[in-house]
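Presented below is the structure to which this report refers.
Every number here is computed from the coordinates shown, using simple stated rules; none is lab data. Everything numeric in this text was worked out from a predicted model, so none of it was measured. Cβ atoms come from the backbone with ideal geometry, glycine included; neighbour counts cover every protein chain shown.
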Amino acid sequence: MVEPSLNLIEYISMNKKKNYILPDLKAARVRTPGDDAIFRTDFSLPEATVDLGKGRYYFIRTYGCAANERDSETLAGLFERMGYAKTDAMEQADVILLNTCAIRQNAEDKVFGQLGAIKQLKRNNPDLILGVCGCMAQEEATVNLILSKYPQVDLIFGTHNIHRLPDLLLNAVLSKERTVEVLSNQGEVVENLPAQRNSRHKAFVHIMYGCDKFCTYCIVPFTRGKQRSRKMADIIDEVNQLKTQGYKEVTLLGQNVNAYGKDLDGQTTFATLLEQVALTGIPRIRFTTSHPFDFEDEMITVIAKYDNIMPAIHLPVQSGNSDILKLMGRRYTREHYLTLVDKIKTAIPDVTFSTDIIVGFPNETQAQFEDTLSLVDRCQYDLAYTFIYSPREGTPAAKMEDHIPFSEKQKRLQQLNERITYYSNLNNQKYKDAIVEVLVDGPSKKNDDVWSGYTRHNKLVNFSGEGIHCGDIVQVKITEVKSYSLDGIAINNGETNE
Ligand code: SAH
Ligand code: SF4
Ligand code: F3S
């Protein structure tokens, strides 16, 4: 077992003098080149916390992206190792943890609403521990607001130190005092962490943490720290273990997976990693998110070569106008993006694309917005996540003057969404009467008699069939096509065809 590095202990004890370790956005912006600033450690459960949760329940609510979902699986794993049992009823919990997202103001508002609702639970059960972690906990202003206005919060920790949950919880329980430990260093890589996964056949695998891109609108580099890749051997071990446990699909996670390895020896690239993951033979591989800037030709070659790498690529464009892209700090132009899309399509003819788009970036003109619409016409995405720009304190874009009224931004979003739905529907038409391969998730959310799952191209399919089990890969004949899902009938009875 590797002990935590001295640097980290010094860092913590230095800051401990202040009692609370509070976030510091200025410190969070610092980047030291190379791997030197990164502490690599192995987790071990502190002795004193082994039975902390005996006879007690934990409840976690997760907001935000897949990185947070995966972190919550680690937090759940830590709770279970301390003897806590999971509950889905907040009222039953002895510890409630909100794993938060800071990407847009509306994500934060949801959390503040939830904190208000939990106040009553705290009155009924004064021993209840309420914790806030995740990206909001990394923000100075947010933590100050929680400290001054939300006395019901007992525990705050950030994204860099989720492995410290046992110690921090122990401190909160024993001291009955507020415990706050948010690190704004560049971050660590901690291996050997437990995980209580949400699915038994689909798994998220972190391949890297943090982000160094600093797109001008984005809070993530501040809340997640420096880009730091896990060692390839650790990732492959995890995938092999998952495969042995019967998992059918892994999604490799990073804010910018294409930059994987650039912070390591410089020899290991995402293409190398992807190929090694493909060679494990796990039936389905996905990855998210790909930044167009780092999408190299070797990656295209590897995706085209291996049948178990799914031909559905999430390629966030953000805007179709090169001047806006420049202001956003995205490091590519409209033309570069379109060339990349064409190159990928040539190498992988059945590929589909999804994307993220922001409307109403400061002072985006009508003509610039129309460039986004025309890019959507050109790319004909299968799916797009669309957002109104939300200023994030501490980011460069938040300081830009903006004369576009919010009502105008809402109008643009609606117009864009109509265009996106049009292409999603149009693309789905080709599946009418087709036979697709579906990885079964379970009964459909809306109707227990119907199964649901996703195709290789990430299309949601609701279908009927006999002898089906979660985790099967089945062939389904599509009978009806909708804008965002397909209906069908299974034509084999749930046997894995891999
Ligand atoms: N790392 C990913 C994005 C993670 S955040 C990438 O670079 O593609 C997910 C999406 O949220 C982004 O793609 C962007 O479209 C959106 N987003 C990020 N910051 C935002 C902000 N301040 N306002 C509105 N949308 C934002
Ligand atoms: Fe944010 Fe840009 Fe990093 Fe994505 S690449 S997380 S949008 S800074
Ligand atoms: Fe939100 Fe943090 Fe993910 S801000 S989108 S939870 S990286």
Legend entry - Label-to-label distance, nm, for residues given as Asp323 and Arg123 (7 Å Cα→Cβ offset): 5.5
Inset, instruction - Rank these for me by crowding, Tyr306, Tyr454, going from fewest to most other beta carbons within 10 Å. - result: Tyr306, Tyr454
Legend entry - Cα centroid of the stretch 129-188 to Cα centroid of the stretch 42-60, whole Å: 17
Legend entry - Order of Thr179, Thr301, Thr251 under a 10 Å beta carbon neighbour criterion, fewest first: Thr301, Thr251, Thr179
Legend entry - Gap separating the Cα centres of the stretch 396-459 and the stretch 310-329, nearest whole Å: 17
Inset, instruction - Round to the nearest 10 and give me the degree value, 0 to 90, for the angle of helix 165-175's Cα axis relative to the longest principal axis of the chain. - result: 30
Inset, instruction - Could you name the lysines whose alpha carbon sits less than 19 Å from that of Lys343, not counting residues in the same chain fewer than 8 places away? - result: Lys305
Inset, instruction - Please give, to one decimal in nm, the separation of the simple spin-label points placed at Asp234 and Ser483, each 7 Å out from Cα toward the Cβ. - result: 4.3
Legend entry - 10 Å-binned pair-distance histogram of the chain (Cα, whole percent): 4, 18, 27, 28, 18, 5, 0
Legend entry - Total lysine pairs whose alpha carbons fall under 13 Å of each other in the stretch 432-490 (8 or more apart, or interchain): 4
Legend entry - Computed E for Lys243/Gln196 - FRET, C-beta separation, R0 22 angstrom, nearest 0.05: 0.70
Inset, instruction - Describe numerically, in nm with one decimal, the distance between label points set 7 Å from Cα along Cα→Cβ at Asp109 and at Gln429. - result: 3.7
Inset, instruction - Identify unpaired cysteines across the chain, taking unpaired to mean no other cysteine Cβ lies under 4.7 Å from the residue's Cβ. - result: Cys65, Cys101, Cys133, Cys135, Cys211, Cys379, Cys470
Inset, instruction - Compute the long axis of helix 232-244 from its Cα atoms, compare it with the longest principal axis of the Cα atoms of the chain, and write down the angle in degrees, 0 to 90, nearest 10. - result: 70
Inset, instruction - Give me the angle, in degrees from 0 to 90, between the Cα long axis of helix 406-428 and the longest principal axis of the Cα atoms of the chain, rounded to the nearest 10. - result: 50
Inset, instruction - Hey, could you get me the Stokes-Einstein D for the stretch 432-490, Kirkwood radius over alpha-carbon pairs, 4 °C and 1.567 mPa s, rounded to whole µm² s⁻¹? - result: 119
Legend entry - Check: the chain dipole with +1 on Lys, Arg Cβ and -1 on Asp, Glu Cβ, in debye: 940
Inset, instruction - Treat the count of other C-beta atoms within 10 Å as a stand-in for reagent exposure and order Leu253, Leu165 from fewest to most. - result: Leu253, Leu165
Legend entry - Efficiency of FRET from Cβ geometry, Asn19 and Asp356, R₀ 45 Å, rounded to 0.05: 0.70
Inset, instruction - Provide the gained length on full extension for the span Leu460 to Val50, in nm with one decimal, where the gain is 0.36 nm per separating residue minus the Cα-Cα distance. - result: 143.5 nm
Inset, instruction - Mind checking which of Thr41, Tyr57, Ala67 is farthest towards the positive end of the stretch 28-95's charge dipole, using Cβ charges of +1 (Lys, Arg) and -1 (Asp, Glu) about the Cα centre? - result: Ala67
